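Pasting a structure below so you can have a look.
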Amino acid sequence: MTITAATQVLAVFGNPVKHSLSPQMHAGWIADHGIDATYIALEVHRDHALDTFRAMRRLGLTGANVTVPFKEKAKLAADICTEDVAALGVANTLVWRNGAIHAHNTDWGGTRAAIDEAVPDWIATARRAVLVGAGGAARAMAYGLMRRGGPDMIVVNRTREKADDVARFLKQYGPAEARDWSALPAAVAEADVIVNASTLGMKDAPAFDWPLERAKPHAIVFDAVYAKGGTALVNNARGRGLRAVDGLDMLVHQGAIAFDIWFGVKPDAGKAHARLDAIMAARP
């Protein structure tokens, strides 16, 4: 593409951000729809995130995605927040319109869309879910699953106080409770949906032996992490005949929602997934 002074500029902000697949994903969609725009990755200094986001309104960016650890700062930088951002306290998508920063959260919608696509009838049988993790991503994923009559939620985290905090938040959307880390195997045995929203499975994270031998035969496993060849959790689940959704599905679907917010166009999630699969396969 030819970049001119009229080209719209979008970015993903994070630290670190060099590993992000968002530039390739959005570049593909931009080309699909012939939009005069470009999308880049920008690493933000951890001490200057809030000032950086607020300054962006003066640079004419169309919008941005925000990844860890800046989602709370993205919400604070905004002039106008959606109801979801206000509820969750974090934003991952920003839009600059008429001199104001608008904040959105597409993580919860990406979660819902990913599981809806992989297991269309899941809501009919999912009565209880176990959520592993208690950060911003965990809140958003559970929020996405519990909206519109989703499953009851069991929150398990290594730090019990954080699990308690997430469970309190979720109770406004349905039954939710926190349990100690040692109770994870028993919680897995009860669950129809098993969600990993923690750092377990990320590159350089310690190996973890998921107790999937306790899982129900119809259980659905959702791992927010993605990795070349699949995470240990996803591969273990599929090896046991369980239905599994990985973080790449969530990345694509939340990105598609953001793209529609920026450009008013619904991009092809399938095309993006195929492109990212090829990029992941080519990585060392």
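Rule-based calculations on the coordinates, nothing more; no lab input. Bear in mind that the values here come from a model prediction, so they are computed numbers and not experimental data. So basically every Cβ, Gly included, is an ideal-geometry build from the backbone, and we count neighbours across all protein chains shown.
Hand me the tally of lysine pairs in the chain: alpha carbons under 24 angstrom apart, and the pair either on different chains or 8 or more positions apart.
Lysine pairs satisfying the spacing and distance rule in the chain number 17.
Please report the relative contact order for the chain, taking Cα pairs under 8 Å with a sequence separation of at least 6, and give it as a percent rounded to a whole number. Each step should come with its number before you reach the end.
Values: 541 pairs, mean separation 41.5, N = 284.
Answer for the chain is 15 percent.
Just from the alpha-carbon atoms, what are the Rg and Dmax of the range 108-245 in angstroms?
Calculated on Cα positions, Rg and Dmax stand at 13.4, 38 Å.
In nm, give the distance between the simple-model label positions of Asp165 and Thr7, each being 7 Å from the Cα along the Cα-to-Cβ direction.
Reported label-point gap for Asp165 and Thr7 is 4.1 nm.
While we're here: Can you work out the Karplus-derived ³J(HN,Hα) for every residue in the range 130-137? Use 6.51 cos²θ - 1.76 cosθ + 1.60 with θ = phi - 60°, whole Hz, and x for glycine or proline.
10, 10, 9, x, 8, x, x, 5
Remind me, relative contact order of the range 108-245 in percent, using alpha carbon pairs under 8 angstrom and six or more residues apart? Walk me through the numbers before you get to the answer.
Details: 260 pairs, mean separation 30.9, N = 138.
With pairs under 8 Å counted, the relative contact order is 22 percent.
Roughly what would the spin-label model give for Ile80 and Met202, points 7 Å off Cα along C-beta, in nm?
Label-label distance for Ile80 and Met202, simple model: 3.3 nm.
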